[in-house]
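Down below is the structure, laid out as C-alpha cells.
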Amino acid sequence: MQHNILATMRSLKIIDGCKGNQLYSLNTAATTTGCGGVGDKLLQHIHDHIKSQTLRTKSVHSIQLSNLPDTVVTAEGTFLPYGLPVKEILEPKIEPSFMPIDFVETLGDVYRRIEDCPQFEKSGMFLEQCVVFRGLGDHKLFRQSLRLTRQHAVDVHMKVVVASWLRYERREDELLGLSSMDCCGRNLECVKASLVPGYDPESVYDSCMCSRNLMVVDDDDDDEVEECSTSLEEEDGDMSFCIGENEIRCRRFNMASLSRPFKTMLYGGFLESRREKINFSRNGFSAEVMRAADIFSRTKKLDQFEPNLVLQLLSLANRFCCEEMKSACDAYLASLVSDLENAVLLVEYGLEERAYLLVAACLQVVLRELPGSMHCSGVTKLFCSPEGRDRLALAGHASFVLYYFLSQIAMEEEMRSNTTVMLLERLVECSTDGWEKQLAFHLLGVVMLERKEYKDAQHWFQAAVEAGHIYSSLGIARAKYKRGHTYSAYKLMNSLISKYKPVGWMYQERSLYCVGKEKMMDLISATELDPALSFPYKYRAVSFLDDNKIGPAIAEINKIIGFKVSPDCLELRAWFLIAMEDYEGALRDVRAILTLDPNYMMFYGNMHSDHLVELLCPAVQQWSQADCWMQLYERWSSVDDIGSLAVVHQMLANDPGKSLLRFRQSLLLLRLNSQKAAMRSLRLARNYSTSDHERLVYEGWILYDTGHREEALVKAEESISIQRSFEAYFLKAYALADSVLDSESSKYVIHLLEQALRCPSDGLRKGQALNNLGSVYVDCDKLDLAADCYMNALNIKHTRAHQGLARVYHLKNHRKAAYDEMTKLIKKARNNASAYEKRSEYCDRDMAKSDLSMATRLDPLRTYPYRYRAAGESHTVTVSQFPVSIIVVAFVISYDCIVTVNYRRTIFDENILLYAGFFCTIKGILSPFWIRNESLSGCVTVPPNKYCSRESNP
C-alpha cells in the first residue's frame, strides 16, 4: 500500500476537516521529509490543480463557483478541493418528458384510439405513443413506436422526419466512412422511399429503392435519339413566343395543355389566341426557358436540361400554374439534392417556389446530418426564426414532429442555449390542443428553469398544467421555491397529493419544501411509491454524512446503485470513498462515471472527471495491461459490472484504439441498462476496427440493438463470408435465437454456436457462448449436453452458468442440487438479485418468499416477486381471481408499468400488462390474453429465463 500522505487528517472528523470554518492544510515540510516519491508527485498534482483554479480570470471563476453554497470551502492539499457534498444543494431532476400521472391508463387510451382511428391518422397516434414511451425512459419501445409512426406515415414530410429520426437514434453521424444519405437496405429509412407520397405500410420492410435502381439500364442513347427527334419537331410548330430577338416555335395545343392560364391565353378571347407570334419579353423569362417549356410540353421529360434551367422552368411553372410541369421540376430537383451544401442552397429556391418535394429533399439531408447541420447559420435561421417557420409552413413542412425532433437534439446538445429556446418556441407554435401543447409548454418550462429564468419557467409550467399536464405542477412549485415562495410551493404540492392518486415524485418534490421529520417521512413515502427515484437515497446518504456516519451513507447510496447505476449516484459514492481515503474504490467509481458520460463534471460541475482520475492514480497500485486482464476476469466472474467497467476504462487509457475492449465495454453497459453509453461504445468499436469483417460485426450489433434484426443478420453473413470469426457466428446465432424457434432452427443455432466456439476468442466470450449453447440444448430437451456446456463454462469462470446448470438439475427433478447451484451463484456474484429470484423456484414456499423478499430489497424493479406474491398461496390464479391480488401488482405497475427499463430481461411482460389491463381496462393491449380465462400458474410462478443471452445478468 502507498504511504498515506494525508495522515495529518486522520485525527480530524471527516466533516470538520472538509467543511468546517478552520481550513486544515497539509504540513508540506513534514510530508516531504516523511514520504517522498509518489507522495511528492501526488502533492504536486493537487497543488497544481488548486493553483490553476486560483489563477483563472475573475469572470470564469465566478461562473464556476456560481453553483456552490456558501458553506463549501476549498481545502488545499486534499482530494476534496470543493469540500464534501451538501444536502441543501441537492435537487431532484424535473423530467423533460410527457409524464401522465397514470402511464398505464394513458397507454390504454392511446391504444384504443389507435384501433379506432382511420388508417391515415394512425401515424399521429403512434407518435403520441412514442412520446409516452419516451417519458417511461424505455428506448426500445420508443424506437418500436417510432418505426410504426414511419410505417403508417402518409405524407412525404412525416416520412422524411421520422426516417431521419430513426437514423439519428443510431447516431450514424459518428460512424466513420458513412454518408448521411446511406440507407440500411429497407424502405423504412431509404432516402428515396421517403420522398414517395402515399400510404403503404406493408412496403416499409421491403428492399429499398436504391438497390433496385442499380439494375436500371443506362438509356443515354435513347435520350439522344429522342432529343434529336424533338429538335426536328420544332419546325412543326404552329405559333411562336418572341423574347427579345429570339423566336421559339411551339405547338399551340401542347403549350395550352400545360395549364389553364396558357389555355385561356392561347384559345380564349384574348388577342394572343389569334396571333401566330406572341411577345413574351416582359415576363422575365429567357428564351432557353421557353424552349425548355416547349420541349417538356411535347416529351414530358426534363433529363436533358441543366439544373439551373430546371430551376427557371420551375419558376415559370409556378407563375403560370403549370402543375404537371411544376411537379416534374420539383421531383427532378429533389433527386439532385445529395449533400448539405446543395441542400442549404436549393432549399431557398424550394421555399420561394413552394416546391414541396424539393424542400422535403433538402430537409431530409439537413435532418440526416444532425446534429452537425445545426451549426450552419442558414439552417439555424430557417428552423429557429418565426419567419423561417412561416416559410416552411407555406411549403407544407412546418410540423410538430419536426420541431419535436429538433428540440430533442438541441436539448441533448445544450439545454440552456438560445437555439433550444427558439426551437421550443416554434414547437409551441406548431402544437395543437391536447398532449402536444402539454409537452411543448412543459419542455419550455424545463429549459427556462435550467436557464434560471424562474418567472418565465413558472409561466410555461402553468400553461402546461392548464392544458392538462399535471406533472408540470412540480415545475410551478420549483419555480416558486426558487423565487423565495417556499410556503406557496409546499401548499401546491400538498393540494396535488390530496387531489390525485399519490405518486412518488409528488412526495419527493414536497420534501424540498419542508424540514426535519416531515421531510424524511416524505422521502420514505417517495421511495416506497417509486424505488427508482434517486434523490431520496442521495439526500439520506448526505444526511448520514452530516452526522459523521459515513458507513451508513455509503450503504444508503449503494441501495440504488445496486439496481440503477447513474453518474450522479456514482459521483456521490466516490465522494464518500475519498473522504474515507479509499482511493482505489473512488477511482473505480470515477472510471465508471467516465464510461457512462465521458464529459461528466465532478464536484458541483467544477472538475472534469478525467482530472480527478489523474489525481487519484498515484495514490493507488498501478497495473500493467496483463494485470488488467487478470483483474477483468476476476471482476467479470464475480458479476462486478462497475468494477469491470473501471478495469476496461483503465485498459483503454493505455490502448484507446482497441476495438475489442470497446465492444466488451458495450456489453457491460448493456448489463447496467445504459443503452446510450453502450451504443456509443459500439460506435467507437466500429470506428477503431482494423478489418472489414470486424467492422461488419459491430455494425451488425448496432443495427440489432436499434431494432433492425434482419439487417444485423445480413452484416453477420457478410462478415463470415470475409473471415470466420467467433463474434460473427455469435451475432448470427444471437439474432436468430431472439425469436420463437422450431426444432430445425434450434439445430441451426446450435451449429452456429459450435462454429463460434471453434474460432479463436477469450474465455469471457467463450463462456457466454457455452452458456447460450446450454440454453438451446435445454430447449431441445438435451439435458446432458446442456450440463456439459454449463460445466465447461464454469471451468473458465463463467459464473452465470450456475443458473443454467441449476435449471438442468431442476428439469431432472434434482431440486436440492438446483438450489445448491444457485446458492453458489449468490455467493460468487456481487449483483445477485436475479440469483435470489431464480433460486426461489427450487425451494419450498417459505424459503421462496424469503428469497423473493431479498430480490425485491436488492432490486425493486424486478417484477417476478410481485407477480408471485400477487398469485397468493394457491400458486394458481385465473382471471376471476385478479381482484384479490391486484393491489400487490399495482404497486410495481405504479412506478414501472412497462415492467422494467432493462428490456433484455422482460420488457413488455404480458402477465404484468394483463394485471394492469384488469385494473385499468386496457382492452386493446390485453386482447390476446384477456379473452382466455385460463390458469396462469406457469406465468406467475416461474421467473423469466432468457433463451439466448448476449451477456445478461444472472
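The values are calculated or read from the model by the stated rules, or taken from the named source; none is laboratory data. Remember, predicted model here, so these are calculated numbers, not experimental data. Here the Cβ positions follow ideal geometry from the backbone for every residue, glycine too, while neighbour counts run over all protein chains shown. Surface areas here come from the heavy atoms of the whole protein model, side chains and all, with no ligands, DNA or RNA. Shrake-Rupley method; radii C 1.70, N 1.55, O 1.52, S 1.80 Å.
Distance from the C-alpha centroid of region 584-647 to that of region 405-455: 36 Å, rounded to the whole angstrom. Carbon-plus-sulfur fraction of the accessible area of region 466-510, 1.4 Å probe, in percent? In region 466-510, the share of accessible area belonging to carbon and sulfur is 49 percent.
Label sites at His375 and His611, each approximated as a point 7 angstrom past Cα along Cα to Cβ, lie 2.4 nm apart.
The stretch between Gln119 and Lys824, if pulled fully straight at 0.36 nm per residue, gains 248.3 nm over its current Cα-Cα span.
What FRET efficiency comes out for the pair Asp173/Lys87, r = Cβ-Cβ distance, R0 = 60 Å, nearest 0.05? According to the calculation, E is roughly 0.90.
The slack in the chain from Leu336 to Tyr500, taken as 0.36 nm per residue of separation less the alpha-carbon distance, amounts to 53.5 nm. If you bin all the Cα-Cα distances of region 762-854 at 5 Å, starting from zero, the percentages per bin are 3, 16, 24, 24, 19, 10, 4, 0, 0.
Excluding residues fewer than 8 places away in the same chain, name every one of the aspartates and glutamates whose C-alpha is closer than 18 Å to that of Lys482. Straight-line reach from Lys482, under 18 Å: Asp70, Glu88, Glu91, Glu95, Glu450, Glu453, Asp456, Glu509.
The phi torsions of region 270-285, fed into the Karplus equation with coefficients 6.51, -1.76 and 1.60 and a -60° offset, translate into couplings of 8, 4, 4, 5, 9, 9, 7, 10, 10, 7, 10, 6, 8, 8, x, 10 Hz, rounded to whole numbers, with Gly and Pro shown as x.
From most to least packed by mean Cβ count within 10 Å, the peptides 811-821, 80-90, 353-363 give 353-363, 80-90, 811-821. Amide hydrogen proximity for Asn279: with H placed 1.01 Å from N in the peptide plane, the residues at 5 or more positions away or on another chain lying under 5 Å are Cys242. Taking 0.36 nm per residue of sequence separation and removing the Cα-Cα distance, the Lys747/Ser385 pair yields an extension gain of 124.4 nm.
Based on protein heavy atoms only, region 713-818 ends up with 43 Å² per residue of surface accessible to a 1.4 Å probe. What region 256-313 shows is 56 Å² of accessible area per residue, with the surface traced by a 1.4 Å probe over protein heavy atoms. How would you classify region 136-183 from its alpha-carbon gyration tensor, with a ≥ b ≥ c the square roots of the eigenvalues: rounded for a/c under 1.5, else prolate if a/b is greater than b/c, otherwise oblate? It is oblate, given that a/c is not under 1.5 and a/b is not larger than b/c. Using a/c under 1.5 as the rounded threshold, could you call region 502-644 rounded, prolate or oblate? The axes a ≥ b ≥ c are square roots of the C-alpha gyration tensor eigenvalues, and prolate needs a/b larger than b/c, oblate otherwise. It is prolate, given that a/c is not under 1.5 and a/b is the larger ratio. Accessible surface area normalised per residue over region 319-436 is 40 Å², counting heavy atoms of protein chains with a 1.4 Å rolling probe. Among the protein heavy atoms of region 587-726, carbon and sulfur supply 51% of the accessible surface, probe 1.4 Å, non-protein parts ignored. Pairs with C-alpha atoms separated by more than 24 Å, drawn from the list Lys564/Lys812; Lys87/Lys827; Lys658/Lys827; Lys263/Lys300; Lys87/Lys517; Lys732/Lys828, are Lys564/Lys812; Lys87/Lys827; Lys658/Lys827; Lys732/Lys828.
Which of rounded, prolate, oblate describes region 670-739, given a ≥ b ≥ c as roots of the alpha-carbon gyration tensor eigenvalues and a/c under 1.5 marking rounded, otherwise prolate only if a/b is larger than b/c? The shape class here is oblate.
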